[in-house]
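The values are calculated or read from the model by the stated rules, or taken from the named source; none is laboratory data. This structure is a prediction, so every number in the text was calculated from the model and none was measured. Every residue, glycine among them, receives a Cβ derived from its backbone with ideal geometry; neighbour counts consider all protein chains shown. Accessible surface is based on the protein model in full, side chains and every heavy atom, while ligands, DNA and RNA are left aside. Shrake-Rupley method; radii C 1.70, N 1.55, O 1.52, S 1.80 Å.
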Amino acid sequence: MLGNSGRNTVIGPDLKDLDVSLFKNNPVHRISETFNAQFRWEIFNIANHANFNPPPPGNRQIFLVTGAVNANAGLLNATSTTSRQMQFALKFIW
């Protein structure tokens, strides 16, 4: 059963998330002196590191009310961040 320990007494692993953005500015003087077409490549969670959520409330108890062992105790089955994602973009600046 859950004890009476205070909040945040157990510290889990760090959250690791690294995002990278590469861009190239291309001035287009035919339109305006200050007009730029910017090509962007953005990568989110480039290391593709899995950051797991804590176990849900139903999976935190080691023993059930009947005294039997909970087979799902401490099971980590969800992540808090998404997997690696990339996007390309074209941005107009004037």
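Compared with the alpha-carbon gap, the fully stretched path from Asn72 to Met86 is longer by 1.6 nm at 0.36 nm per residue. Sorting Arg84, Arg7 on solvent-accessible area from highest to lowest, probe radius 1.4 Å, gives Arg7, Arg84. Taking label positions 7 Å along the Cα-Cβ direction at both Phe35 and Val20, the computed distance is 3.3 nm, reported to one decimal. Could you point to the residue in Pro56, Thr81, Asn25 farthest towards the positive end of the chain's charge dipole, with +1 and -1 charges on the Cβ of Lys/Arg and Asp/Glu respectively? Comparing the listed Cα positions along the dipole, Asn25 ranks first. In this structure the amide hydrogen of Asn51, modeled in the peptide plane, comes within under 5 Å of the amide hydrogens of Ser80, Thr81, none closer than 5 places in sequence on its chain. For Trp41, the solvent-accessible surface with a 1.4 Å probe is about 90 Å², rounded to the nearest 10.
Tell me the label only: which of (1) 45, 26, 23; (2) 78, 25, 18; (3) 49, 34, 25 is Cα extents along the principal axes in Å as calculated from this structure? Identified label for the calculated read-out: (2). Here the chain is assigned +1 on the Cβ of each Lys and Arg and -1 on the Cβ of each Asp and Glu. Its dipole about the Cα centre then comes out at about 100 debye.
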